Structures are given as C-alpha cells and as structure tokens.
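Please treat every number below as a calculation from the coordinates, not as lab data. The structure displayed is predicted, hence computed values, not measured ones. Backbone-built Cβ (ideal geometry, glycine too); neighbour counts: all protein chains shown.
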Amino acid sequence: MSRKTYRQAINEALAQEMRRDPTVVFMGEDNVGGMGAPGEDDAWGGVLGVTKGLMPEFGRERCLDTPISESAFIGAAVGAAATGLRPVAELMFVDFMGVCLDQIFNQAAKFRYMFGGKAVTPVVIRTMYGAGFRAASQHSQCLYPIFTHIPGLKVVMPSSPYEAKGLMIQAIRDDDPVIFLEHKVLYDDEEEVPDDPYTLPFGEANLTREGNDVTLVTLGRMVKFCNEVADKLEGDGIRCSVIDLRTTSPLDEDTILENAEETGRVVIVDESNPRCNIATDISALIAQNAFDALKAPIKMVTAPHTPPPFAPELEDLYIPDQAKIEAAVREVAAH
Amino acid sequence: MATPSGLQLPREDLLRAYRMMCDIRAFEDRVHEEFATGTIPGFVHLYAGEEASATGFMMHLGNKDYIASTHRGHGHCIAKGCDIKAMMKEIYGRRDGLCGGKGGSMHIADLDKGMMGANGIVGGGPPLICGAALSAKTLKTGGVAIAFVGDGGSNQGTTLESYNLAKVWDLPAVFVVEDNRYAESTASVWSVGGSQLKRAEGFGLPGRKVDGQDFFAVYEAAQEAIERARGGGGPSLVHVETYRYYGHFEGDAITYRTPEETDEVRAQRDCLNLFRERVTAAGVLDAAQIDEIEAQAKALVDEAVAEAVAAAPPGEQDLMTDVYVAY
Ligand SMILES: Cc1ncc(C[n+]2csc(CCOP(=O)(O)OP(=O)(O)O)c2C)c(N)n1
Ligand SMILES: [Mg+2]
C-alpha cells in the first residue's frame, strides 16, 4: 500500500499489465511525446501526464505516438485488438468521440455479435471527461450515456485512485471493448492504493456509504460529492446509502433495486446532460421494478440541458455540486 | 498571374498590415503575462510568432469572406476584424465578451465579420469552410472561404476529405496549412507523411509553399490563391512555414524543443522585425510611424485588459439562454 494519485494509479496499472502481458500496447496523441522533435524524448506522457515514464521501460514499439487522426488510430486499435494485441488507445478528450465514433460503435462494439461469436476485441479506449477545468463546450462534456447506449461496449467510470487501478487492470484483461472514462478533475486526488496488481469486477456496484433513509446512486466524480453529502447529513439524522456504479454497462441492477427497496427514497446524481442519461435510465429501472417500495418521487441531480459553458461562474452553476445534491436529499427525505 | 511586390503596396495597406501584426503580438504577449498571474481561466493557445500568416491572408478579405480558425485562434480573429476589447473580455469569461463569456479563448467567433470561430476540435474547420464556400457559390456573393489548419490538423481525415470535396464541387475555398513545426510536442517532420504540396496535388489542388515569417511572401501567395478562388478557378492550398513562440498551451513546459531553436527564430526570423526592416530599408515607412503603431497596439491591449478585468461575469440568467433560437 502507498498513497497514489488517480494519475499514478492508472499509470501503474498500465505498467503492471505491460510487464505481465507483452501483447499490451498503448497509443495516442503525445502519449509519449517529442516524436521527431529535438528536445526531451518522453516529453509529455499524454496531455496530463498519465502515461509519462512508461516509454523508457517498454520502448516506442509498445508506447505509440500517433498523428492527430483519431478515426485511423482508434480504428487501428480496434483492428489490432481483433488480431492479437491488447491495445489501450487514448482518445484525449471524450468530446473528440465524434471524430472516430464509427470505429467504436459500428466496428468494435458489433464484431462479436455480427460475426456470430467468433471475434474478441480486447481494446481499451481511455478518455477524459467532465466539467470543472474551464475548458468550455468542446472539452468538458460527459457523453458516457452515448457509449452506454451501445450494446457490445463496456463503460467504466472510476471514482477514485483505488477504483482506477483495479478497474483499469480489469479493463485490459477483459475480452470486450471497454470505454474507460477518467474524470479530468480527479487526476491529482490521492489515496491508499495497493502496490500489487488487483482487479475490480465490472457490473458490481460499490456501496461507499450505508444508510436506511435515502439511496444515492451515482458515478465518477459525483461519488465523492455524494459521500461528502452523506457524511454531512448523517449529523442531521439523515442516513444515506451511496452506490458507486463503477460501470454503467454492465449495470448492477440488483444492488440498485435492493437498496432502493430498502430506503424507498432515491436520488440519482449524474454529471451528464439530463435527457437519456444514466439518471433517466436508473429512474426507469426503479420505477418499473420497485414502484411499490417508493415513498417519494425519484429525484435526479444532473447538469442542465446546455453545452458546458466557459465562464467560471456559469460552469459552477452547470456542475451538479454538493449543495444541489444536499437539497435533493433533504427534499426526498422530507417527502 | 501578376503578383505585385509587397513593397509596392499603398502606404495605408502597409500601415494596416503592420498594425494587424502588432495588435496580434501585443495581444498574445499580454495574454501570456496575464495567464501566468492566474486570472485567465481555461486552455489558452497563443499565436505569437505566426502573425504574418493571418495578416498576409486577411489583408485580401472582406466581411463577406469567411474563415474557419483553430484552437490557436486569436490571431485569425484579430486579423479578420474581431473587436479586440470584446475578445479580451471573452477570454476572461465576461458577460459582454464577444460570445457572452460562453465560449472563451477556444471558441471566439464573429459571424458578422466572417469569422466562423476558433475551434476546439482539430480538423473541425475545413468541412465548415466547404460549406461556407458552397454558400458563397450558390448565393453568388462573390465571397471566398478559407480554412486554417495546423500541421497536426493536416493529418485529420476531415481535412483531407475537405480537399477532395472542395475540388469535386469546384468551390471558392483556400486551405492554409500553418506548419509551426509542432503539434503539441510532436514534430511535423515526423507526423506528416508525404508533403503538404504533394497531398494537395493528389487531390487536384494547386499548392504553394511560403516562408510564413515573411509577410510579403504570404501576402503574394494568399493573393494568388484567393484571386483564383474568387475568379471561379477553384480551391487550392498554401503551406505556410512558421513558428510558435510560446508553448502549445499556456502552462506547457516545452521540453520537446530547445530554447536555442526558439531564440534563433525570434532573433533572425521574427515576422515583425523582418517587416520593419524591409519597409524602412526601402524607405516606404519611417521608424517613427512604426514605433507609433507598436505603441498604439500596446495601449489598446492595456485598455482591453483593464476593461476585461473590471467587466462583469455572466450570471444565472445566462446559463440556459441560446441553447436554441428563442421565438
Ligand atoms: C479532434 C482533436 N484531437 C485532438 C485534439 C487535442 N489537440 C489540440 S491542439 C492539438 C495539436 C494541434 O497541432 P496543430 O494542428 O499543428 O496546431 P498548432 O497547435 O501547432 O497550432 C491537439 C492534438 C483536439 N483538440 N481535437
Ligand atoms: Mg502545429
């Protein structure tokens, strides 16, 4: 055990898997950096330094820089996955999915089904999402509901350094295409993380708080906010369960339903835009399967139906924060 | 085609060109300083060093001509006539910024000025420019449309598809590859397979390579490409060799290149210095006029920063507006 940041946890997972399995390679724009340039060789390690330090150990053949050609290199990762490698490809910001989406949802996601179960496509697409960086409309979106919508993709959203390492190792070992979403605001978060490799299962949510009054269902960066709210409200006698989904596909329906039935009061906290997102999906799940147990209307706390704004004052209003979550919990608790 | 030597430009055009370049330089140098103080939010990519490229093209354009820019958009915006004070307010995220504080540095746009936006998506601009050129052609406005892309952006499928589309639709479009040697930390000598001119040729576009530090060279190449497009001669490409002085974005440690390399370009190939030397040696402008333009640019930017710092941010009433047209 030692304290590691979210960034270090992902880096360590990659390093350990690359040591274990020579077919694991990674690729992306400036994932090493300095290609063809006169200065430092391992110059960037990705735009926020997640892959820095790996190239000196594993070499340029397994640590690939790419031109700015997402269709080609994300597609190449998919093709390589179907033919013997286990590539981890970085789509720098999830907002850039539009450039290469065909290779993900028509190719990677469908091979196994379309080809009658004959293909495996063990590709991991790492990508950065979320608001909070003042990075404006084209660098701050969530978009994970779009991936979640597509059968054949697994969608993983680590909420902390510990989660990130275990889920990344699982993602690399998994034989299906995995979209691995890293929240840009979490990279410097730090906690105790085991030094040895370990995996965390897909489709098994993690109960980070247990309480009988209100169920908070959440994911990604919002887990941290929900934990804070749960801790605060405990002092006021409102005891919350917090469910970290870990993966939106597969989805741990059992844990959500069991907990919702127990409390009868549910708040779903999802950083993405509110139409057809994870919160609406889980609301529908609960409404269909646990209706009789509900003591209050289900509440969703999400971003509004707007692109992420640039101005800090607007972005702060845009992001679901602790105050909005607390207000929602108090409302369902009082119902 | 007759390409007038830049030095034969009317004096007012020379003054206008130098003012554009100085405005851009003063703006970028100041944003660089202010960013370091922590007062400017978000991602900021500066154009300092590349001024002759935007200026050499924009000198030939009017408001009915459209351009699409990149993430490194401030220079294109200024040269296309965007209001400098409103731009600065936008970069600070202010309510009366050019985009209401909703866009920021990477999304400055002013459609009334024919500026279709800086762009957060590398390769986002060229297809849009095919559309602007299609509008100009269909509506017979006489306008042309120009896409600026970086060396990195030249590798994006959208860029290459746009070359082809512009050719087969015979559009009044110009593609300008601003090759500043790097895309983030990656050198263009590595990332670009083949050559920009051969790529253009492969799609049937005439291509020309110019020294982007030499305003007059850019000016002439731009004139040729723009006149061709405007006269119905179809799309073409200009490969501009240039250099960015600051990091990829503000905060970049710039370890992938050497300080000596940058110092050398600054000392020997700076586009403002070269312009100044050329016009003063030829006696078409005198040093006092040049100094005055530089001082005015700095004063304008000083005012822009002071006003931006003092300006009000947007508030809750602005969050939900302009997602759609209001009826
Ligand atoms: C589709 C897409 N991919 C990647 C990025 C991240 N990115 C922003 S700028 C940049 C480098 C662009 O290089 P170049 O086109 O040469 O322009 P320069 O920065 O040199 O002006 C990259 C990779 C992006 N914004 N959009
Ligand atoms: Mg470049």
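Side notes on the structure shown:
- Partnerless Cys - chain B, beta-carbon criterion under 4.7 Å: B:CYS22, B:CYS99, B:CYS130, B:CYS271
- Within straight-line cross-link reach of B:LYS137, aspartates and glutamates at Cα separation under 16 Å, skipping those fewer than 8 residues along the same chain: B:ASP65, B:ASP170, B:GLU227
- Kirkwood-based shape ratio for segment A:2-193, expressed as Rg/Rh from alpha carbons: 0.94
- Those aspartates and glutamates that a straight Cα-Cα span of less than 19 Å connects to A:LYS118, excepting residues fewer than 8 apart in one chain: A:ASP174, A:ASP175, A:ASP176
- Extents of segment A:33-146, taken as max minus min of Cα coordinates on every principal axis and listed largest first, are 49, 35, 19 Å.
- Exposed-site-free run, longest, chain A (rule: trypsin sites (Lys or Arg not before Pro); DSSP loop; at most 14 other C-beta within 10 Å): A:119-274
- Pairs of Cα atoms nearer than 8 Å and 6+ residues apart set the relative contact order; for chain B it is 23 percent.
- Chain A - Debye-derived log10 I(q)/I(0), Cα point model, q = 0.08 Å⁻¹: -0.37
- Checking the cross-link pairs A:LYS184/B:LYS89; A:LYS299/A:LYS324; A:LYS4/A:LYS52; B:LYS140/B:LYS209; A:LYS110/A:LYS184; A:LYS4/A:LYS165 against a 20 Å limit on the alpha carbon distance flags A:LYS184/B:LYS89; B:LYS140/B:LYS209; A:LYS110/A:LYS184 as lying beyond it.
- Shielding score for A:92-101, defined as the mean number of other chain Cβ atoms within 10 Å: 2
- Cβ-Cβ FRET estimate between B:ALA36 and A:ALA284, R0 fixed at 35 Å, reported to 0.05: 0.10
- Projected-area mean, segment B:216-327, by convex hull of Cα positions, square nanometres: 14.0
- Relative contact order for chain A, counting Cα pairs under 8 Å that sit 6 or more residues apart, in percent: 16
- With all pairs of separate Cα atoms included, segment B:134-195 yields a Kirkwood hydrodynamic radius of 12.8 Å.
- For A:ASP102 and A:LEU207, a Förster radius of 56 Å and the Cβ-Cβ distance give a FRET efficiency of 0.90, rounded to the nearest 0.05.
- Cα extents of segment B:11-318 along the three principal axes, largest first (Å): 55, 50, 41
- Over segment A:206-333, equivalent-ellipsoid semi-axes from the Cα gyration tensor in Å: 22, 17, 13
- Estimated inter-spin distance, A:HIS149 and A:LYS232, nm [label 7 Å along Cα→Cβ]: 3.3
- Trypsin sites (Lys or Arg not before Pro) within segment B:86-173, DSSP loop, no more than 14 other Cβ atoms inside 10 Å: B:LYS140
- Gyration tensor (alpha-carbon) shape descriptor, segment B:162-286, a/c threshold 1.5: oblate
- Rg/Rh (Cα only; Kirkwood hydrodynamic radius) as it applies to the protein assembly as shown: 1.00
- Per-residue ellipticity at 222 nm computed for chain B from its helices equals -14000 deg cm²/dmol, with DSSP H segments shorter than 4 residues left out and the rest contributing -39,500 (n - 2.57).
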